[in-house]
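Here, each number is a calculation from the coordinates, and none is a lab measurement. Because the structure is predicted, anything quoted here is derived from the model rather than measured. With ideal geometry, Cβ positions are generated from the backbone for all residues, glycine too; neighbour counts draw on all protein chains shown.
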Amino acid sequence: MRILVCISNVPDTTTRVKFVENSTKLDTGGIQWVINPWDELSLTRALELKDDPANNIQQITVAHVGLAGAEPTIRKALAIGADDALRVNADPTEAYFVALQLANVIREDPYDIILCGIESSDYNGSTVGGMLAEFLDIPSVSAVSSLNIENGEVLIDREIDGGKEKVTASMPFVAIVQKGIAKEPRIAAMRGIMMARSKTLKVTEPVSTEPMTEVLEFHMPKPHAACKFIDPEQPKQLVELLHNEAKVI
Amino acid sequence: MSVLVFTENWDGKFKKLSFELVSYATKLAEMLNTSAVVLSIGPVADEELRKLGNYGAAKILNATGDGLNSLDNQSWVNIIFQVAEKVDATVLVLSNNNTGKALAPRLSVRMKAGIGAGVNGLPKSTVPFVVSKKVYSGNAFADLLIRSEKKILTLSQNSFELVEKPGTPEIENYPVSLDPGTLKTRVKEVHKQTGKILLTDAEIVVSGGRGMKSPDNWGPLIELADLLGAATACSRPVSDEGWRPHEEHTGQTGKIIAPNLYIAIGISGATQHLAGVSSSKCIVAINSDKDAPVFEAARYGIVGDAAKILPQLVEAVKEIKGK
């Protein structure tokens, strides 16, 4: 069995973002780039599954659509334990474009399970995984919080409003993964970092497509009024303000 | 031409989320000089369907047939796609909840429609079609131009006011013949919490962080939540420690919520936590550290010990509620 983990390269989640060029572009100065948190958890889960020989997983590949600047992030995924990597050499302008490129490379060389994080922490679209599955015309299961293989059958926990469903899916499929899939992201050990240097990172060129969407301008959230502090000896005042002023209780 | 809006149902019932979607689609249809058509999938009584008419739906299609009781993304996408063609939908609106996130991206490819994911308001303009959406986990917003002829929007929950516009919509049954044997995903078991207010539906949320000091101290927090009709939530360290269940974790990697009132107790307010709650209409912070970043996001704050303040809040709420 072969697993593909799609990864996105995003600013560290504590970054205070700023924009340049008339608020049309992210100011990348000083930003530390990381594997998108949900993708990192997906990779961790894939590696956990591979650790159990009963699951018979031969290969875990990571795929990324992005320019050469993302290679340190891809190498990090290899250091954590992925066997090899693919990079489609293009600026990931929008989800539709990214999903189309991924579909294109997967059609050439199919995988049994494709894992995508539920969203990237930059554009928060939650769209690449579903789009990819539709391009490939294969099933998708979204909001996946657990994935196990039992006797060759894949068992998935899917979060629904106020609960969970246990779902099976026929391979190949795309699992769109959220919190819970793995406890903590796996960390690269020194041996992994050394080995990552010699693992294969294949670069392919993109196919062209018309853009569907385009970001015209970024805005910062409106600053809001300063916090009104209430005397800790008089918590009752807070309840009165919420009732009479904010009118929320 | 029309605006098509899809709402799921929960065991045959709609909820506020459905009415928000219909209100939104109706307003959007007005901007485009057309009307809003609602699609519901699965068994729902006519009386329940008619409730959608209170928010401006011009027409309601109810897809029924075997195998529609649980979500199979591919077969549901087929139904929505066929209905979108039938009603000549120029914009398709879904919720940005789990179901919407599962279906909208597939439909984007099928309909060749650009997607505005997680919008929280009407388009800034319709020609060109520009919507505002949250990016960088709420640390910024983007004006997104959708170039394609057809568009898909997913609406963030609790971000659009209900607008009543009573009418008597035409209800049309849309029979679907689906061979359950061909489904590629199958639901084997369903586990649902009952009797609890869902965090994503709640208008008031009371949330606890490490400043609560121990899982044994949650009693007054839960009592406060019960009195307010609120859901309970927690910060990531609290769920990681196992003090509270993972389902309660709010923040960037947990649940992203937008209640009318969010009360953060003993939560310092790391960027990742605030990313999950920054769309709340009113944030209250109670924390012993006056420099905690949570106060920057809060409208009201108390600097003090949660263990002392919580019981007093409970009493004050009881008084106001006349209990």
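Just a few scattered comments:
- FRET efficiency for the pair B:THR182 and A:SER208, taken as 1/(1 + (r/R0)^6) with r the Cβ-Cβ distance and R0 = 41 Å, rounds to 0.75.
- Lys, Arg +1 and Asp, Glu -1 on Cβ, resulting dipole of the protein assembly as shown about Cα centre, debye, nearest 20: 520 debye
- Ranking of A:MET194, A:MET171, B:MET111 by count of other Cβ atoms within 10 Å, fewest first: A:MET194, A:MET171, B:MET111
- Region B:196-288: GluC sites (Glu not before Pro) in DSSP loop, at most 16 other beta carbons within 10 Å: B:GLU241
- Between A:ALA226, A:ILE160, A:VAL215, the Cα set farthest toward the positive side of the dipole of region A:152-247 (charges on each charged residue's Cβ, about the Cα centre) is that of A:ILE160.
- Computed from Cα atoms, the angle from the helix A:71-80 axis to the main principal axis of chain A rounds to 70 degrees.
- Farthest positive-ward along region B:204-320 dipole, Cα basis, beta-carbon charges - from B:PRO311, B:ILE283, B:ILE265: B:ILE283
- In this structure, the amide hydrogen of A:THR213, modeled 1.01 Å from its nitrogen in the peptide plane, lies closer than 5 angstrom to those of B:ARG147, counting only residues at least 5 positions away or on a different chain.
- Debye-sum result for the protein assembly as shown in log10 I(q)/I(0), which assumes one identical scatterer on each alpha carbon, at q = 0.13 Å⁻¹: -1.44
- Helix B:219-228 and the longest principal axis of the C-alpha atoms of chain B enclose an angle of approximately 50°.
- Length gained when the stretch A:ILE193-A:HIS219 is fully extended (0.36 nm per residue, less Cα-Cα span): 5.5 nm
- Taking every DSSP beta bridge that has both ends in chain B, the antiparallel portion is near 20%.
- Here region B:1-47 is assigned +1 on the Cβ of each Lys and Arg and -1 on the Cβ of each Asp and Glu. Its dipole about the Cα centre then comes out at about 140 debye.
- Under 5 Å from the amide H of A:LEU26 lie the amide H atoms of A:VAL20, each residue being 5 or more positions distant or on a separate chain, with H modelled from the backbone and absent for Pro and chain starts.
- Positive-end ranking of B:ASN78, B:TYR300, B:PHE19 along the dipole of chain B, with charges on Cβ about the Cα centre, is headed by B:ASN78.
- Candidate aspartates and glutamates - alpha carbon under 15 Å from B:LYS318, same-chain residues fewer than 8 apart omitted: A:GLU240, B:GLU223, B:ASP226
- Against the main long axis of the alpha-carbon atoms of chain B, helix B:73-86 sits at an angle near 50°.
- Phi-derived couplings, Karplus 6.51 cos²θ - 1.76 cosθ + 1.60 at θ = phi - 60°, listed residue by residue for region B:134-147: 6, 10, 6, 6, x, 7, 7, 10, 10, 8, 10, 8, 9, 8 Hz, with x used for Gly and Pro.
- Dipole check for region B:2-182: with +1 at the C-beta of Lys and Arg, -1 at the C-beta of Asp and Glu, and the Cα centre as origin, the magnitude is about 720 Debye.
- Members of A:LYS247/B:LYS27; B:LYS15/B:LYS151; A:LYS247/B:LYS165; B:LYS13/B:LYS196 lying beyond 19 Å, as alpha-carbon distances in this model show: A:LYS247/B:LYS27; B:LYS15/B:LYS151; A:LYS247/B:LYS165
- Excluding same-chain neighbours fewer than eight residues apart, the aspartates and glutamates reachable from A:LYS76 by a Cα-Cα span under 20 Å are A:ASP12, A:ASP39, A:GLU40, A:GLU48, A:ASP51, A:ASP84, A:ASP91, A:GLU119, A:ASP122, A:GLU184.
- Among the GluC sites (Glu not before Pro) within region A:1-81, those in coil by DSSP and having at most 10 neighbouring Cβ atoms inside 10 Å are A:GLU21.
- The phi-based Karplus calculation (6.51 cos²θ - 1.76 cosθ + 1.60; θ = phi - 60°) puts the 3J(HN,Hα) values of region A:61-69 at 10, 9, 10, 9, 9, x, 7, 4, x Hz, whole numbers, x for Gly and Pro.
- Cα gyration tensor category, rounded, prolate or oblate, for region B:21-129 with a/c compared to 1.5: oblate
- Here B:LYS290 is the anchor, and the lysines within straight C-alpha reach of less than 24 Å, apart from those fewer than 8 places off in the same chain, are A:LYS222, A:LYS228, A:LYS236, B:LYS213, B:LYS281, B:LYS308.
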